[in-house]
Amino acid sequence: MSSLVLTPVLVPLGTALLTAALVGQPRAQRLTALLGTGALLGCAGALLREVQRMGPVRTHLGAWPAPFGIELVADGLGAAMVLLMAIVGAVTLLFQQSCADPAPARPGLLPLFSVLLAGVGGTFVTGDLFNLYVWFEVLLLAALGLLALGGQVRQLDATLKYFVLNTLGTLLLLVGIGYLYAATGHLNFGALREAAGRGEAASWLPFLVVPLLAFLVKAGAFPLFAWLPASYHTLPGPLLALFAGLLTKVGVYAILRTLSDVFAASPRVIYECVGWLAVPTMIVGALGAAYHWDLRRILAFHVISQIGYLLLGVGLGTMAGASATVFYLGHNVLAKTNLVLIAAIVFRLGGSYDLRRCGGLYKARPLLAVMFLISAFAMVGAPPLSGFWAKLMLIRETLLLERGVWAAAALTTGFLTLYSMSKIWLEAFWKERPPRDESHGSEAGHALERPEGLGCAYAAVGILAGLTVALGLFPEPVVSFLDRSAGQLGVARVHPSPGFGGAP
Amino acid sequence: MLVVACAVGVSLTAGVYLTSSRDLLRCVIGISLIGVSANLAMFAAGRSTTASAPPVVLEGARQLPVDAANPLPQALVLTAIVISFALTCFSLVLALVLQQRTGISDADALRRSEPPPCPDGKPPLEGEC
């Protein structure tokens, strides 16, 4: 069923059209969006099964053959990413139905939400560099719309900052694609892979750096991340979860696809650069989080620090490194999204995102505290949760390659993450609830007494926490699937791992 | 060829100059100028400026003439132009609305989303010290 590979794009786009047509009827619109993400989840599962059974699924639009026509491909990596996207999309939309800091129900919300998913899905299944650019633009436009939707001045300010840096990023990508096309004569990933393997690296390497730089902007790597902490925290809870869970990861996916698959024949120096960029990304992100007291800002800075881990995995430049990166990505998307959603519930119950105003939630909501602990410990990397295996695989590969400094930075960042997580735990859950400041006493201050309307929120958080625990307890099938997927990437032929294959 | 190269250079210079300005509207217009230079660079990648024949298969011939331009980058640029048009519209409206609602046109002074720290160095509590 090669048409399955179209579904990550077509299903959300169809949902976007339907929800746009139903603008006057909020109930029907909401139902359509929920059904649409449900269908996307089903299609993503079917796609993953198909890839597992038959190997990469591909289709050529208009039946033009590969190097000339537009190709859509889902290999193991792409299918896994599509499934992650569908999970995050469905869960955040479910959360949006609750009363925990939902996005304002503007008519444009659900269509933009679906277009964003279509953009993300498109980047994961495209087999063509120019279409990658187009999907990046689609998701940039949808993200800008979602950022500006609230209409408050601080949100518009955030949108402008997001716009300026991200647009410069996509323009870099466009120029880079033009150069790469001029140098190799191809845009199709398969054809580019062959051209890169055949030709002298010097003929395309200088041009590869330009799109890579663009992907680093999108991923929020050091020192190009300034747009992220300037904008993310102005988003309402479910949208922040969607952004934090998916958008920067799309940048990482693009870097992984370029460096570990299409241009795996790149000289080592370029992996080296990515690896060394990962070190300050991890540390600066974690330190920025340590400064802040606003839950959203803490979590936004942690997005950056987690991007550092992912870049580290790409920078290793081996097959096991790529597989560890994807596992880390999956774990991080689940845990991160959940932490943001929990923060939104904390806001609903405590009346503020600022930790100095929260407190007493452990006594009032022990279940929420448990959910937070699961995600926070997964984030830190405590066994037996998913983060432990992710960090184990990543750091083991780092040490096998004798990259002591990188491993030390990764472990240090783990401690800094623990600091932030314990800060949230102590302030929001453990300490006594501070006396309510009357000048700031909002209606949410009473929420502890009347907690109705949080059912969907708890369901969403519970699903993600369950997935995190499941991934921690049964990592084996996922790891073996990802190892097999990494075996299909270009990096497997160029730099097979010294550690996992046995031979150095 | 030289003309296109100069055009890329000039529009890029003008774009970077405007973008580094602190005025919001200038900054946004600068970005769209950088976009123009990116489009021109992409256009030049397809030999469109050195080729002498249009990318049309002539009557009776089975393939393009040897010195024909490559039509693909032209199609790509067209896509990019459409996208940048949408982005430019959006960003202009955004900059104008921000200026109207805050009365600030200086990018450095616009710190609504990231308020500066309190005098004691701590992060502000819900936007105020």
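Derivation of every value follows stated rules applied to the coordinates shown; laboratory data play no part. Bear in mind that the values here come from a model prediction, so they are computed numbers and not experimental data. When we count neighbours, we look across all protein chains shown, and the Cβ atoms used for this are built from the backbone with ideal geometry, even at glycine.
Worth a mention:
- Inter-part distance where the stretch A:196-222 and the stretch A:96-114 are each reduced to a Cα centre, Å: 37
- Length gained on full extension, A:Gln25 to A:Ser422, computed as 0.36 nm times the residue gap minus the Cα-Cα distance: 138.5 nm.
- Packing-based exposure ordering (other Cβ within 10 Å, fewest first) of A:Asp101, A:Asp261: A:Asp261, A:Asp101
- Percentage, to the nearest whole number, of Cα pairs in the stretch A:2-151 over 19 Å apart: 52
- Each label was represented as a point 7 Å from its Cα along the Cα-to-Cβ direction; for B:Arg47 and A:Glu402 these points are 4.8 nm apart.
- Between A:Leu35 and A:Thr412, the FRET efficiency from the beta-carbon distance, with R0 = 51 Å, is close to 0.65.
- Amide H contacts under 5 Å for B:Leu125: none, restricted to partners 5 or more places along the chain or on a different chain, H placed in the peptide plane at 1.01 Å from N.
- Sequence-distant residues sharing a close amide H with B:Asp23 (under 5 Å, placed H): B:Ala107
- Cα-projected label distance for B:Asp120 with B:Ile104, points at 7 Å along beta-carbon direction, nm: 2.4
- Distances between placed amide hydrogens fall under 5 Å for A:Asp294 paired with A:Leu355, all partners being 5 or more residues away or on another chain.
- Cα centroid separation - the stretch A:69-90 against the stretch B:85-110, whole Å: 35
- Square roots of 5 times each gyration tensor eigenvalue, C-alpha, chain A, largest first, Å: 35, 26, 21
- The 3J(HN,Hα) values that the Karplus relation (6.51, -1.76, 1.60; θ = phi - 60°) gives for the stretch A:58-67 are, in residue order, 9, 9, 10, 5, x, 6, 6, x, 3, x Hz. Gly and Pro appear as x.
- Approximate spin-label separation A:Ser2-A:Cys273, in nm, with each point projected 7 Å along Cα-to-Cβ: 3.7
- Extension gain (nm, one decimal) between A:Gln52 and A:Trp64, 0.36 nm per residue minus Cα-Cα: 1.7 nm
- Calculated FRET value between A:Ala290 and B:Ala14, using beta carbons and R₀ = 56 Å, to 0.05: 0.85
- Links that overshoot a 30 Å alpha carbon limit, given the list A:Lys218/A:Lys431; A:Lys336/A:Lys363; A:Lys161/B:Lys122; A:Lys218/A:Lys391: A:Lys218/A:Lys431
- Computed 3J(HN,Hα) for the stretch B:53-70, one whole-Hz value per residue from the Karplus formula 6.51 cos²θ - 1.76 cosθ + 1.60 where θ = phi - 60°, is 10, x, x, 10, 6, 6, 4, x, 7, 9, 8, 5, x, 4, 9, 6, 6, 8, glycine and proline marked x.
- Look at where the Cα atoms of the stretch A:1-33 and of the stretch A:330-405 average out, and the two centres are 32 Å apart.
- In a DSSP loop and with at most 10 other Cβ atoms within 10 Å, there are no chymotrypsin sites (Phe, Trp or Tyr not before Pro) in the stretch A:339-373.
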